[in-house]
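Q: Can you keep this structure in mind? I'll have questions shortly.
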Amino acid sequence: MEPLKTTGIVIRTSHGKNSSLALSVLSPDMGKISVWARGARSHKNPMHSACTLLSYGEFILLPRGEMYSLTAASPIRSFYHLREDVEKLSFAVYFAELAGLVSGEGTEAEEAVRLLLNTLHYLEQDLKEPTDLKVMYELRLMCAAGFMPHTENCMLCGDEDAAVFSPAEGGLLCTDCSHLHPLSPGALSLLCGYVNKGLKASLDATGGAAADELATSVEQFVRHHTELVPRSLEYLHKIRNISVNE
């Protein structure tokens, strides 16, 4: 069978025998794929740098049943500096795991890959505050996965004066249809912007206190509609709690 060539970002790694690695790679054209990289755990292996967690690279693959065997790989972007800060790395690992949880196998994931790569770049270069980046990433990734929050009017009665974000309902409600506290004008504007504006505008927006206000409810929205809790999210909360208390 002819080898396949694709680009992708390594979103998960696990150790195998004889210095091999089992990789989960998110590819724009192939979606989430499982890849066996023989000997790639060894630093002497020419494929090693392309097979590290969060590395974005080019991969040459041979189909092997439900997995692919890696025959060659070259890195394009390693996001190496994220590893120098434990909190940044915790955010990055969560972003990668969440992308894997909502992405399917064998289906294109161009939007998710582009979002993840840009988010990691902004995180590494300190171009956006991490909590704000997390809120933006979660909302846009859920949109890409088919869980776009409803932001036009109240989901239950249609009232245009809707300022309550309901994680369970998946969008905005009016105060008559919900017991939850309405969002501040800034938080409401930020939520609608992250859902409806383009990626560049969302990345460059500054959420500030509005992002802090949205953080818990957006995370609840992700948990409710994926019905999954990424392990890395619990670790991220532990790391952030340690940082606050130091």
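Q: Counting only residues that are in a loop (DSSP other than H, G, I, E, B) and either of a type in the set (A, V, I, L, M) or touching a Leu at 6+ places or on another chain (Cβ under 9 Å) (or both), how many does region 178-204 have?
A: Keep residues of region 178-204 that are in a loop (DSSP other than H, G, I, E, B), which gives 178-184, 197-198.
Then drop every residue that is not either of a type in the set (A, V, I, L, M) or touching a Leu at 6+ places or on another chain (Cβ under 9 Å) (or both), which leaves 178, 180, 182-183.
The number of residues fulfilling the criteria is 4.
Q: Identify, please: which residue in region 150-191 is more than 18 Å from Val218 (Cβ to Cβ) and among the polar types (S, T, N, Q) and is, among those, least open to solvent (accessible area, probe 1.4 Å)?
A: Selected residue: Asn153.
Q: Filter region 50-72 down to the residues that are in a loop (DSSP other than H, G, I, E, B), touching a residue at least 40 places away in the same chain (Cβ under 8 Å) and of a type in the set (Gly, Ala, Ser) and list them by number. Talk me through it step by step, then tell me what you get.
A: Of the residues in region 50-72, the ones in a loop (DSSP other than H, G, I, E, B) are 52-55, 65-66.
Adding the requirement that they be touching a residue at least 40 places away in the same chain (Cβ under 8 Å) leaves 52-55.
If the condition is that a residue be in a loop (DSSP other than H, G, I, E, B), touching a residue at least 40 places away in the same chain (Cβ under 8 Å) and of a type in the set (Gly, Ala, Ser), then Ser55 is the only one that fits.
Q: Name, by its number, the condition in (1) in contact (Cβ under 8 Å) with a residue 60 or more places away in the chain; (2) open to solvent by less than 20 Å² (accessible area, probe 1.4 Å) that does not hold for Leu82.
A: Only one criterion in (1) in contact (Cβ under 8 Å) with a residue 60 or more places away in the chain; (2) open to solvent by less than 20 Å² (accessible area, probe 1.4 Å) is unmet by Leu82, namely (1).
Q: In addition: Restricting the search to region 210-222, which residues are within 16 Å of the chain's Cα centre (by Cα) and surrounded by fewer than 15 Cβ atoms within 10 Å (Cβ to Cβ)?
A: Here is the first cut: in region 210-222, the ones within 16 Å of the chain's Cα centre (by Cα) are 215, 218-222.
Hit for region 210-222 is Gln220, nothing else.
Q: Sort out which residues of region 192-209 are crowded, with 22+ Cβ neighbours inside 10 Å and closer than 19 Å to Arg240 by Cβ, and write them in order of number.
A: Scanning region 192-209 gives a single hit, Gly207.
Q: In region 21-49, what residues are outside any loop (DSSP other than H, G, I, E, B), within 18 Å of Glu97 (Cα to Cα) and aliphatic (A, V, I, L, M)? I'd like the intermediate steps shown before the answer.
A: Of all residues in region 21-49, those outside any loop (DSSP other than H, G, I, E, B) come to 21-27, 31-37, 48-49.
Going one step further and asking which of them are within 18 Å of Glu97 (Cα to Cα), we end up with 21-27, 31-35.
Leu21, Ala22, Leu23, Val25, Leu26, Ile33, Val35 - these are the residues of region 21-49 that are outside any loop (DSSP other than H, G, I, E, B), within 18 Å of Glu97 (Cα to Cα) and aliphatic (A, V, I, L, M).
Q: Right, here's the next one. For region 110-152, give me each residue that is farther than 25 Å from Tyr80 by Cβ and among the aliphatic types (A, V, I, L, M).
A: Passing the criteria: Val135, Leu139, Met142, Ala144, Ala145, Met148.
Q: Ok, one more. Applying the selection to region 205-216, what residues are in contact with a helix residue (DSSP H, G or I) (Cβ under 9 Å, 6 or more places away or on another chain) and either under 14 Å from Met142 (Cα atoms) or assigned to a helix (DSSP H, G or I) (or both)? Can you show your working first?
A: Filtering region 205-216 down to residues in contact with a helix residue (DSSP H, G or I) (Cβ under 9 Å, 6 or more places away or on another chain) leaves 205-215.
Result: Ala209, Ala210, Ala211, Asp212, Glu213, Leu214, Ala215.
The values are calculated or read from the model by the stated rules, or taken from the named source; none is laboratory data. If you're wondering where the values come from, they're calculated on a predicted model, not measured in any experiment. Note that each Cβ is placed from the backbone with ideal geometry, even for glycine, and that neighbours are counted across all protein chains shown. Areas reflect the complete protein model, heavy atoms only, side chains present, ligands, DNA and RNA absent. Shrake-Rupley method; radii C 1.70, N 1.55, O 1.52, S 1.80 Å.
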